[in-house]
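To keep things clear, I will list the structure first and then write my remarks on it.
Every number in this text was worked out from the coordinates using simple rules, so none of it is lab data. Bear in mind the structure is a predicted one, so any value in this text is a computation, not a measurement. FYI the Cβ positions are ideal-geometry reconstructions off the backbone, even for glycines, and counts take in every protein chain you see.
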Amino acid sequence: MSLVPVKDILKMASDANTSVIAFNCIDYNMIYSVIHAAEKVNKPVLVMLYPEHAELNNTCNPETFAAAVKSVAEEVSVPVGLHLDHCQDVSYIIRAIKAGFSCVMYDGSMLPLEENIENTKLVVKIAHAFGVAVEGELGHVGVAANKSDQANLDLYTKPEVAKKYIEESGADALAVAIGSAHGVYKETPKLDIQRLSEINAAIDTPLVLHGGSGIPNDQLDMAFVNGINKFNVGTEFFHLYHETMRKYTEEHPDGAALFDYPKYAQGILMDYLVKKLELSKF
Ligand code: 13P
């Protein structure tokens, strides 16, 4: 089917008291695997572009990325949404909106609160004029390689500040800092579910959990019933894709084997994705 607005998919997740899973992708094999795995398990899914990946790799600029996601989404019957991950550059956000992204993340989490609110407000004004939703971030989801980031309470989202941020900025979804971090954890994270439920009680806005690689499933189950409606996964998916390439070239040194590689990689990625998507209780 045609792409479904991310806002509608977030509403479906909120109504079902669960989370949609959003995967970072960098090329067609990853996009194809995410969408067809979702079809296999009959669940909605989100495909995300991270602008820094587009800078490194010109096969995933917003226009080509959006065209690939739209075309693969036509092959399936489950709802697929297209989201722009962490972005601070308003002109890039406009470019993504023009390319067909139905939700964009403005990440002002490192800025002073008032500046974050003002900037998010501007992005919301632009995005809403095109019917596009905006995800903001409050508190700051740090980097897992800095062990202190995930445990630094100063970086965590405060419920009363979340209320102010949402009321004043008009953002449609909020990424919260509750103990997760981006990348490979040095220590198993321990999500602050109490804080999450307080944030959820303070605002009527879908909440987003970043830094999804390596969080134990029992914690995710708790997070999904306490307000998380969008769950972002990148690192573990990228690592699996890289490992798949490494193994394949080791096992198939003959250049002609290249032509069989996409099917091989997609098969392995889809096995992982199907298991991950089972966490969504749609
Ligand atoms: P991980 O790469 O840690 O899974 O986090 C992904 C993410 O939060 C993208 O915004």
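Miscellaneous remarks
- Note on the chain: percent of Cα-Cα distances in each 10 Å bin, starting at 0 and stopping at the bin with the largest distance, equals 7, 30, 38, 20, 4, 1, 0.
- Legend: residue pairs Lys11/Lys230; Lys40/Lys276; Lys147/Lys281; Lys7/Lys230; Lys158/Lys186; Lys11/Lys190, Cα-Cα distance threshold 21 Å; pairs beyond threshold, Lys147/Lys281; Lys158/Lys186; Lys11/Lys190.
- Taking the charge dipole of the chain about its Cα centre, with +1 at Lys and Arg Cβ atoms and -1 at Asp and Glu Cβ atoms, the residue from Leu56, His86, Ile178 reaching farthest to the positive side is Ile178.
- 14 Å cut-off, amide nitrogen to a point 7 angstrom out along Ala145 Cα→Cβ, residues in the range 217-253: 235
- Order by protection proxy (mean Cβ within 10 Å, highest first), peptides 137-147, 255-265: 137-147, 255-265
- Taking Cα centre as origin and charging only the Cβ of basic (Lys, Arg, +1) and acidic (Asp, Glu, -1) residues, the dipole magnitude of the chain rounds to 380 debye.
- Pair Lys98, Tyr248: separation of 7 Å Cα→Cβ label points (nm): 3.4
- Segment Glu52-Lys11, extension gain: residue separation times 0.36 nm, minus the distance between their alpha carbons: 11.9 nm
- A dipole drawn for the range 177-282 from +1 and -1 charges on Cβ atoms has a positive end, and of Phe237, Pro216, Pro206 the residue lying farthest that way is Pro206.
- For the range 1-102, fraction of C-alpha pairs farther apart than 23 Å, in %: 20
- Euclidean distance between Cα centres, the range 93-136 to the range 180-249, Å: 22
- Inter-site label distance for Asp218 and Leu153 at 7 Å from Cα along Cβ, in nm: 2.4
- Here is the tail figure for the range 125-227: Cα pairs spaced more than 17 Å apart come to 50 percent of all pairs.
- Adding -39500 (n - 2.57) for every DSSP H run of four residues or longer, then dividing by how many residues the chain holds, sets the calculated 222 nm ellipticity at -15000 deg cm²/dmol.
- Angle in degrees between helix 193-202 and the longest Cα principal axis of the chain, rounded to the nearest 10: 60
- Seen against the Cα atoms of the chain and their longest principal axis, helix 90-99 is set at about 50 degrees.
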